[in-house]
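The values are calculated or read from the model by the stated rules, or taken from the named source; none is laboratory data. These numbers come from a predicted model, not from an experiment. Cβ placement follows ideal geometry from the backbone for every residue including glycine, while neighbour counts extend to all protein chains displayed.
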Amino acid sequence: MAKSLLSIRDVTKNFAEVEALQKISLEIYSGEIVGLVGSNGAGKTTLLRLMAGVYKPSSGTVVLSNGEPVMNMRHELGVVPESTGLYSRLTAWENIRYHSRMHGVKDSIAWARTEKFAQHLDMKDSLGRHTKGFSRGMKQKTALLRALAHGPNILLLDEPTAGLDITSARTVRALVRQLRDEGGTVIYSTHQLAEAQQVCDRIVIIHNGEIRADGSPQQLLQDTETDSLEEAYVSLTLDQARTRKEDNTKESAFTGWWRRLFTPKTPSTTQEVMESE
Amino acid sequence: MSEGSFRRVRSIAKKEVVEFTRDWRTIIAIIVIPLLMFPLLFILFPVLLESEAAELDALELSIIIQTDGLPENLAENISLSGMNYSIEELPETSSLAVPGQDLDRVRNSSTDAVLRFESNEDIWNYAILHLSTSERSNEARYRILNVLSDWENSEIRERIDQGGLDVNETLDPLRWDGEISAGDVATSGEQSGMILSLFIPLVLAIWTYSSAIQPSIDMTAGERERGTLEALLCLPCSRMELLFGKWLAVATITGVGVLLQIFGLLFAIGYLATSSFIGVPQLSIVSILLIVLSIMLFAIMVVAFELALAMRSHSVKEAGSILAPALMLILFPALFTQVINLDGIEGFWFAIPVVNILLALRELLMNRVITEHVIIWAVSSVIYASLAAYYASKQFSREDIVTSLS
């Protein structure tokens, strides 16, 4: 049996009154690609941020195989957030080097790793260019190279193919599979079932902050007695998705009053619309 | 601080400075503007004023003199002052200053000014009608007043002489004996320190705050808005290292801006003034060290405070709308400090935030090291700087800094 690398035990995460994740437990094993699948606002990004040590759990623990909280072991992780997070006035290599230096990795080692993966992603000639003019696909690939440069044990990818053209998306998926084949572990968040089926060895379906299913694509079909993953997903998430909260910060009484003061009342009848004109 | 921690802080600060200075607008904001602002203001502005004044001097003006008899030498002087005049009868008005029927002539610029001049036995009455919103009319009034003043002086001297008195003894009975500057026992170095103490603290306070606004916002709310902060928070560095690295970068950028501005200011003053007006202030080693300490404490407090406020904000726009008006918190105490009399000043002034450092700088630039004051401003500044740093660390520790409005 593969070795457990990351354990999420009874994790709950609250933002003010919103319970983003409810008592989640999950084991991530070495050498697998785990797909986190769910609709917008399901809790995928929150779970990913907990795994990356950006958020602290409200209760429960997120620990690595050595029992250390993930927050203290971030050098074990490589993270590609949804926004990619590249500095536009730095070159692709400078972006990568900055992160690898923060991980305490020598420039020569980071360069050797970057060069190897850049070849796969057809990015080698672009490493010296400022990322300002990069397409979405090039930014995504640079962020991926940046996450790999320090040689992480676990790679966390948040919607890595969102907004990419078909060719770029294929290249990214191929690299992810190659990393798995070389013994790497990848956690892959997506809301596209077809993509998850293509790439992932194991799919975790998250809905309204809960894990609804966890297993291989075949196992999910068997458990739900359906013919396709789409049907399986629908049968597992029949309850209505909760409304996504725009901002998880608390609004003060004064700020709320001030905002409402300058927000016109939304008309509810044709008569009110005509009166407001 | 461990070696790894120091390396990460240095990496953050270095990257922030490199990224910030790659924008040409930043170079203009932190190097070109501070360096050129005062030289442009102090050197080019007087040149512009001089050329405008020369243009006014060259103007041929036309005025009307309403009089019942103009002394001959006065008429001659008016002609010599570049004014053409025509003589009219004095109008019937309750006083000479009432424009009456001449109001429209002056307002519609058909004449530049009207001089009314009336003899009343040994006394002369006069009034000048002019339009204060017209440069020509103002110039005409100015020239007429000069001519009248000269004429009045010669009239006074003539009358004293006719009365059998000595003109010089009568008009100048009290006289300074010797060089006026010789009576000042302050050294030129002390005088220079006094002059510098009037504006260096003010410039330092305002420029430190204002030049830190842009980098503070860019490195916090800007990162948050652009989505680069999340990737940064995934790295194995603590939030305190992040804060310290960013503080170091903002402080460096601000420090360069302030130094360049002071350099520009001193250059402008040195260019304009004679060497006796301003020179090198006479400062002891202790004063210099205390000046450096006070500036450092002030910078720690201001930059930490700005970083905290910017980090609290969800967007660049929000951060700007908070930090720009907060300049008043520096501006008012800075202006207020300029008018406080330092002789016999009470100790509590040196405990008031912002005011304490500015007063300390004023004292130290005059080479006054008063132990009681030094203890009060140093301790209170350390407390304020610590509070600002603590507040900033609280803001950097917030979980919601990873989210933005965009």
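Give the range B:72-87 a look and list any residue that's without any contact (Cβ under 8 Å) to a residue 24 or more places away in the chain and farther than 18 Å from residue B:129 by Cβ, or say none.
Matches in the range B:72-87: B:72, B:75, B:76, B:79, B:80.
Of everything in the range A:117-145 that's touching a strand residue (DSSP E or B) at 6+ places or on another chain (Cβ under 8 Å) and not aliphatic (A, V, I, L, M), which residue is surrounded by the most Cβ atoms within 10 Å (Cβ to Cβ)?
A:140
Output the residue which, of all residues in the range B:333-365 that are modelled with pLDDT of 90 or more and of a type in the set (Phe, Trp, Tyr), is farthest from residue B:224 (Cα to Cα).
So, considering only residues that are modelled with pLDDT of 90 or more and of a type in the set (Phe, Trp, Tyr), the one farthest from residue B:224 (Cα to Cα) is B:348.
Which residues, counting only those in the range B:88-121, are in a strand (DSSP E or B), in contact (Cβ under 8 Å) with a residue 12 or more places away in the chain and either more than 42 Å from the chain's Cα centre (by Cα) or not assigned by TED's automatic domain parsing to the domain that holds residue B:78 (or both)?
Correct list: B:88, B:117, B:118, B:119.
Do you know which residues across the range A:60-87 are surrounded by fewer than 19 Cβ atoms within 10 Å (Cβ to Cβ), part of a loop (DSSP other than H, G, I, E, B) and touching a residue at least 24 places away in the same chain (Cβ under 8 Å)?
A:65
Search the range B:39-67 for residues that are acidic (Asp, Glu) and pair each with any residue that is not in a helix (DSSP H, G or I) when their beta-carbon atoms are under 6 Å apart and the residues are at least 6 apart or on different chains.
Hits for this filter: B:60/B:82.
Are any residues in the range B:310-331 free of Cβ contacts under 8 Å to residues at least 60 places away in the same chain and either touching a Lys or Arg at 6+ places or on another chain (Cβ under 9 Å) or surrounded by 22 or more Cβ atoms within 10 Å (Cβ to Cβ) (or both), and if so, which ones?
B:322
For the range B:358-374, how many residues meet the condition of being surrounded by fewer than 18 Cβ atoms within 10 Å (Cβ to Cβ) and within 23 Å of residue B:303 (Cα to Cα)?
0
Check every one of the strands (runs of 3 or more DSSP E) wholly within the range A:134-247 and list those with 1 or more residues that are more than 14 Å from every other protein chain (Cβ to nearest Cβ) and touching a residue at least 40 places away in the same chain (Cβ under 8 Å).
A:185-190, A:202-207, A:210-215
Is it true that residue B:29 is small (Gly, Ala, Ser), within 12 Å of chain A (Cβ to nearest Cβ) and in contact (Cβ under 8 Å) with a residue 24 or more places away in the chain?
Against the criterion (small (Gly, Ala, Ser), within 12 Å of chain A (Cβ to nearest Cβ) and in contact (Cβ under 8 Å) with a residue 24 or more places away in the chain), residue B:29 does not qualify.
Which of the residues spanning the range B:323-339 are assigned to a helix (DSSP H, G or I) and under 14 Å from the mean Cα position of the chain (by Cα)?
Correct list: B:331, B:332, B:334, B:335, B:336, B:337, B:338.
Given the structure, is residue A:35 away from chain B (no Cβ under 12 Å) and crowded, with 23+ Cβ neighbours inside 10 Å?
yes
Based on this model, can you work out whether residue B:112 counts as closer than 30 Å to residue B:64 by Cβ, in contact with a helix residue (DSSP H, G or I) (Cβ under 7 Å, 6 or more places away or on another chain) and not basic (Lys, Arg)?
Yes; evaluated as a whole, the condition is true for this residue.
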